[in-house]
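Worksheet for the structure shown next.
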Amino acid sequence: MKSSHFYLPIILVFGIIVAGCDVLGGKLVKQQPVKPKPVVVAPDANIEIAPLLAYFRMVSALTPEAFTREYVQTDSSYKENARVDERIKLAMLLGMAGPREKRDEARAQRLLDGYLNDDRAANETLKEYAAFLRQVITEQKGLRERNAAVETEQKVLKERYNILDIEYKGLKERHEALNNKLRDETARSEDLQRKLDTLKAIEESILKRNKQRSR
């Protein structure tokens, strides 16, 4: 009779095999290995505010030509990788740093909203900074719209003033023409009156002489 020690290695090997299997309906079913959950990395991880502030100071001092080149480069970079820092830089360029005629506050707001509404965003300091930028851009947009409305109203008032000024000048010219005509008519009337007075004086003189002769 064989010793039980002979079967010990076999039992151990069989136990290892069975440990990786389930007995289901009399059959051995191999277990699927549990896959680890993927680690979600926040899109704004390791992004600091200081470089963004330095970037804003830099682009604010650019000439219009240099600003245009920087905008094209930043816009292209954002479209390629859609990084959060590139998104915020582009929002700065469109909403705050650029010349007034180059600004697009509506797109800048959409860029910042895209980050602020991203559930994966976890950098609270950066989110607060982005929210501050959006508030400034919104207030700036409202101010520019109000200024534009005032400028439009001023333009309308100026056009109305010009029309009234033209009408006034026309009335003034007609008034002066009427005054000149009145002076001419007055002068003619006075001349006729003098002639009538002269004729009347001549007539009276003749009548007076005739009376003297008839005596």
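The values are calculated or read from the model by the stated rules, or taken from the named source; none is laboratory data. These numbers come from a predicted model, not from an experiment. Neighbour counts are summed over all protein chains in view; Cβ atoms, including those assigned to glycine, are modelled from backbone coordinates with ideal geometry.
Go through (1) at pLDDT 95 or above; (2) crowded, with 19+ Cβ neighbours inside 10 Å one by one and return the number of the condition residue 95 breaks.
For residue 95, the exception is condition (1).
Please enumerate the residues belonging to the range 37-60 that are at pLDDT below 85, of a type in the set (S, T, N, Q) and closer than 17 Å to residue 91 by Cβ.
Within the range 37-60, no residue meets the criteria.
Of the numbered conditions (1) touching a residue at least 60 places away in the same chain (Cβ under 8 Å); (2) over 24 Å from the mean Cα position of the chain (by Cα), residue 162 fails exactly one; give the number of that condition.
For residue 162, the failing item is (1).
Pull up the range 105-134, narrow it to residues that are exposed (fewer than 15 other Cβ atoms within 10 Å of the Cβ) and among the acidic types (Asp, Glu), then point me to the one that is farthest from residue 45 (Cα to Cα).
For the range 105-134, the residue satisfying everything is 113.
Filter the range 104-125 down to the residues that are without any contact (Cβ under 8 Å) to a residue 12 or more places away in the chain and part of a helix (DSSP H, G or I), then identify the one that is nearest to residue 71 (Cα to Cα).
Across the range 104-125, the extreme among qualifying residues is 110.
Could you give every pair whose Cβ atoms fall below 9 Å, whose first residue belongs to the range 77-100 and is touching a residue at least 24 places away in the same chain (Cβ under 8 Å), and whose second residue is in a loop (DSSP other than H, G, I, E, B) and crowded, with 20+ Cβ neighbours inside 10 Å, counting only separations of at least 6 or pairs across chains?
Filtered contacts from the range 77-100: 84/44; 85/44; 92/98.
So is residue 157 within 30 Å of residue 42 (Cβ to Cβ), at pLDDT 90 or above and of a type outside the set (D, E, K, R) or not?
When the stated conditions are applied, residue 157 does not pass them.
Mind telling me which of the residues 128, 173, 101 ends up being part of a helix (DSSP H, G or I), over 20 Å from the mean Cα position of the chain (by Cα) and within 29 Å of residue 55 (Cα to Cα)?
The unique qualifying residue is 128.
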